[in-house]
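First comes the structure, then the notes that go with it.
The values are calculated or read from the model by the stated rules, or taken from the named source; none is laboratory data. These figures come from a predicted structure and were not determined experimentally. With ideal geometry, Cβ positions are generated from the backbone for all residues, glycine too; neighbour counts draw on all protein chains shown.
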């Protein structure tokens, strides 16, 4: 069970964000992050949520964490469901925008044994639900990695409010079918 968020200034309940909170967000934005899409099958349809809060938690057992905003449309449907974290390549900005609320062409899906994933991403981690924790205006979902893989290529990144590229020194492609 996920605890309800505490009352914070500028939280998901629609209050104005304070100048301090705005400055805090700007300060956090100076840290470059990769861009990922969390995909899963909900009760009635397939979902994808663009995120930049993703990290490894444990090697044994293999655990990863994604932070999902409580304001995300599919937030409540993710609880207790298997999911895939899809790490995007530099050429997949349109895919990031598609799942951030700016629809584009329908993406190509790969049916997984545990959860659906997106085709030809830079890396993926298919997860079984492990735990969920209150993270203020976000929920911290931890998944136990059931399957993973990667290909060579530059990574899509986000810093200072804009997309950028993290280059890979040796370019190449591997099929992730």
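Which members of the stretch 6-58 meet the condition of being touching a strand residue (DSSP E or B) at 6+ places or on another chain (Cβ under 6 Å), more than 30 Å from residue 106 (Cα to Cα) and modelled with pLDDT under 90? Break it down stepwise before answering.
To start, the set of residues in the stretch 6-58 that are touching a strand residue (DSSP E or B) at 6+ places or on another chain (Cβ under 6 Å) comprises 32-40, 47-57.
Subsequent filtering for residues that are more than 30 Å from residue 106 (Cα to Cα) retains 57.
Listed by number, the list is empty, since nothing qualifies.
(1) under 15 Å from residue 140 (Cβ atoms); (2) part of a strand (DSSP E or B); (3) modelled with pLDDT under 95: which one isn't true of residue 66, the others all being true?
Of everything listed in (1) under 15 Å from residue 140 (Cβ atoms); (2) part of a strand (DSSP E or B); (3) modelled with pLDDT under 95, residue 66 misses just condition (3).
In the stretch 74-86, what residues are surrounded by fewer than 19 Cβ atoms within 10 Å (Cβ to Cβ) and in contact (Cβ under 8 Å) with a residue 24 or more places away in the chain?
Residues satisfying the conditions are 74, 75, 77, 79, 80, 81.
Considering only the stretch 115-137, how many residues are touching a strand residue (DSSP E or B) at 6+ places or on another chain (Cβ under 9 Å), more than 18 Å from residue 45 (Cβ to Cβ) and in a loop (DSSP other than H, G, I, E, B)?
Result for the stretch 115-137: 5.
Would it be correct to say that residue 101 is in contact with a strand residue (DSSP E or B) (Cβ under 9 Å, 6 or more places away or on another chain) and over 26 Å from residue 62 (Cα atoms)?
yes
Would you point out which residue out of 156, 140 is touching a helix residue (DSSP H, G or I) at 6+ places or on another chain (Cβ under 7 Å) and in a strand (DSSP E or B)? Show your work before the answer.
Working: 140 fails: touching a helix residue (DSSP H, G or I) at 6+ places or on another chain (Cβ under 7 Å).
Being touching a helix residue (DSSP H, G or I) at 6+ places or on another chain (Cβ under 7 Å) and in a strand (DSSP E or B) holds for just one of 156, 140, which is 156.
Return the total of residues in the stretch 90-113 being farther than 14 Å from residue 78 by Cβ and outside any helix (DSSP H, G or I).
14
So which residues in the stretch 46-63 are over 16 Å from residue 155 (Cβ atoms), touching a residue at least 24 places away in the same chain (Cβ under 8 Å) and part of a strand (DSSP E or B), if there are any at all?
Within the stretch 46-63, 46, 47, 48, 49, 57, 63 meet the criteria.
Six or more apart or on different chains, Cβ atoms under 7 Å: show the pairs whose first residue is in the stretch 87-105 and at positive phi and whose second is surrounded by fewer than 21 Cβ atoms within 10 Å (Cβ to Cβ).
none
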